[in-house]
Amino acid sequence: MSDIKTEETIDKTSNGSPKPTSPNSDLKLDFASFWEYSPAPESSDFVEIDEKYNHFINGEFVEPVKGRYMKSINPATEEVLCEFAEGTSEDVDKAVKAARKAYEKTWSKLSGNERGKYIFRIARMIQERARELAIIESIDGGKPIRESRDVDVPLSAAYFFYYAGWADKLNYAFPGRKPKSLGVCGQIIPWNFPLLMLAWKIAPALATGNTVVLKPAESTPVTALKFAEICRDAGLPDGVVNIVTGAGQTGSEIVNHPDVNKIAFTGSTNVGKIIQKSLAGTDKKFTLELGGKGPNIVFEDAPLDQTVEGIVNAIFFNQGHVCCAGSRLLVQEGIAERLIQKLKDRMETLIVGDPLDKNTDIGAINSKAQFERIQNYLEIGVNEGAEIHQSSCQIPENGYFCRPTIFTNVSQSNRVVQEEIFGPVLTIQTFRTPDEAIEKANNTPYGLASGVWTDKGSKIFKVGQSVRSGVMWSNTYNKFDPTSPFGGYKESGIGREGGLHGLYPYIKF
Ligand code: NAP
Ligand code: MG
């Protein structure tokens, strides 16, 4: 095997590829003699992506009224993947009219049992097309195939299965209260989990008897359009699901359309505030799932090696484009040095590169704009006096890639600690007592998710009762399940999605 080295830095392998860590990562190993990973690209030959996509309105693909198109890029190659329609007020109006007609003539008239059959069919068709959808998600958005294959797509199907099950049981979900549907729901989703966010929105809306106009994000529209094909192939009545593509302006047209009964938005806090203002004074219901800056709290009795895996999953999953990412590590002082060294060693083994390679841990940053935003935050952090450490892996020459990064020597008021970076960038602070950890954890405008690592249930309960976050994971992170509600406190949003709670925003009594 290898010689034990004492140098501060770890040598690169000959081609700079990532290297395994030592089982005892307090010691450094010469990784050059370890085997390297051979490329393991997922074959994408069978996947068909059209050159041009139109809106999906009233059960068919229709050209945009104004005839304008936008481009979606593959962020790993910077090449144009396809064109898609830019929705204007005319397109949104057509979609809302189709959704209203479908609501009144068909969907609201069906029994829950019948609605459930359609939703189950959609869930099964997502499973049947799982490989294709996973590949497209990775090509259009840059996420590693391992994640789109094992997380995004199976979870999307699971949300449809879960809410299909509720469709004929609503009277049991709300005993004695006779829930009624709302009508037409406008739904606007971000680019970090395109198909999964669509599932979170469309599945409960359909289960409760509503119809939908959904706008995917402009950098990742393709799986929503493939989903439109699934709706058509599933025989879903025309107009029940409508997909209108476009940019922020298209989203705004949906929000402000007078015949929409509910808005479900997932995206940034800034846009959430704009939407909330424009809905003030209307009788539209709304849910806002917004940003986060999740504290991940590690007590000194935590099992360090498992915790390191949890920290990696918390911040580097999906390139850190995760609203609930554990982007602020809070470590108890006594173990900080050891934990940080173990984390640095583990970061050296992360493979950054081709999203379609099954070995890849960290894929491409979703867009040029997001890449520049992250780079800007890296500069801000350094200028604020933080110490930056990045893994030494090689990254591809083309495409938008960012090395996994940690900032130490940060203080609570630093912008990199307070603001959502939405990239593979972790800040690390220390604490001495549980109260100090809780104080620091709560000291941002957000309150979406948090993590706690400890051997003691009492500490988990104390932190759980005191940290203001919609979700708390203990001794794990980024675990999702359709039965579990998700949502934020403070500037992380209003309302819950998932679980029984996720039915409320789509019904009235
Ligand atoms: P964003 O800029 O707010 O965009 C979200 C969606 O809203 C996109 O479809 C966007 O269209 C559209 N949009 C932009 N301006 C709009 C307007 N004025 N009116 C209506 N719609 C508008 O957010 P993002 O950068 O795509 O997504 C990242 C953010 O989402 C992060 O802050 C993250 O934390 C948050 N997020 C939250 C959750 C959660 O559940 N809490 C989940 C995932 C992500 P374009 O794409 O064309 O700009
Ligand atoms: Mg794209």
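Numbers for the structure displayed
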quantity	calculated
Residue match in the stretch 165-174 (condition: away from ligand 1 (no atom under 15 Å from the Cβ) and buried (at least 24 other Cβ atoms within 10 Å of the Cβ))	yes
From the options Ile275, Ile202, residue that is within 13 Å of ligand 1 (Cβ to nearest atom), modelled with pLDDT of 95 or more and in the same structural domain as Gly142 (by TED's automatic domain parsing)	Ile275
Test: residue in the stretch 7-18 that is under 29 Å from the mean Cα position of the chain (by Cα), modelled with pLDDT under 95 and in a loop (DSSP other than H, G, I, E, B)	yes
Residue among Glu300, Glu337 that is assigned to a loop (DSSP other than H, G, I, E, B), away from ligand 2 (no atom under 16 Å from the Cβ) and not small (Gly, Ala, Ser)	Glu300
Test result for Trp166, over 16 Å from Thr287 (Cβ atoms), modelled with pLDDT of 95 or more and within 16 Å of ligand 2 (Cβ to nearest atom)	no
Failed item, numbered, when Val153 is tested on (1) surrounded by 19 or more Cβ atoms within 10 Å (Cβ to Cβ); (2) in contact with a Cys (Cβ under 9 Å, 6 or more places away or on another chain)	(2)
Whichever residue in the stretch 361-372 is surrounded by 16 or more Cβ atoms within 10 Å (Cβ to Cβ) and more than 15 Å from ligand 2 (Cβ to nearest atom) and, among such residues, is farthest from Ser268 (Cα to Cα)	Asp361
Of residues in the stretch 452-471 being part of a helix (DSSP H, G or I) and of a type in the set (Val, Ile, Thr), the one nearest to ligand 1 (Cβ to nearest atom)	Val463
Answer from Cys324, Cys393 - the residue that is touching a strand residue (DSSP E or B) at 6+ places or on another chain (Cβ under 6 Å) and modelled with pLDDT under 95	Cys393
Residue that is surrounded by the most Cβ atoms within 10 Å (Cβ to Cβ), among those in the stretch 430-464 that are closer than 20 Å to Ile406 by Cα and over 25 Å from the mean Cα position of the chain (by Cα)	Ala437
Contacts under 7 angstrom Cβ, first residue in the stretch 295-311 being under 18 Å from Val463 (Cα atoms) and touching a residue at least 60 places away in the same chain (Cβ under 8 Å), partner β-branched (Val, Ile, Thr) and not in a helix (DSSP H, G or I), 6 or more apart	Pro295/Val467; Ile297/Val452; Val298/Val331; Phe299/Thr454; Asp301/Thr454; Ala302/Thr454; Thr307/Val298; Gly310/Thr476
Where a residue in the stretch 353-382 is over 23 Å from Ile139 (Cβ atoms) and its partner, wherever it lies, is away from ligand 1 (no atom under 16 Å from the Cβ), with Cβ under 6 Å and at least six apart	Gly381/Phe407; Val382/Ile388
Test: residue in the stretch 103-119 that is assigned by TED's automatic domain parsing to the domain that holds Gln276, closer than 30 Å to Gly67 by Cα, crowded, with 23+ Cβ neighbours inside 10 Å and not aromatic (Phe, Trp, Tyr)	no
Failed criterion for Lys344 (all others in (1) touching a residue at least 12 places away in the same chain (Cβ under 8 Å); (2) not small (Gly, Ala, Ser); (3) not assigned by TED's automatic domain parsing to the domain that holds Pro303 hold)	(3)
Verdict on Thr444 being touching a Pro at 6+ places or on another chain (Cβ under 9 Å) and assigned by TED's automatic domain parsing to the domain that holds Gly310	yes
Residue in the stretch 472-500 that is nearest to the chain's Cα centre (by Cα), counting only those that are in a strand (DSSP E or B) and hydrophobic (A, V, I, L, M, F, W, C)	Phe486
Enumerated helices (runs of 4 or more DSSP H) restricted to the stretch 61-142, each holding at least 3 residues that are within 16 Å of ligand 2 (Cβ to nearest atom) and in contact (Cβ under 8 Å) with a residue 12 or more places away in the chain	130-141
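The values are calculated or read from the model by the stated rules, or taken from the named source; none is laboratory data. These numbers come from a predicted model, not from an experiment. Note: ideal-geometry Cβ built from the backbone for every residue, glycine included; neighbour counts use all protein chains shown.
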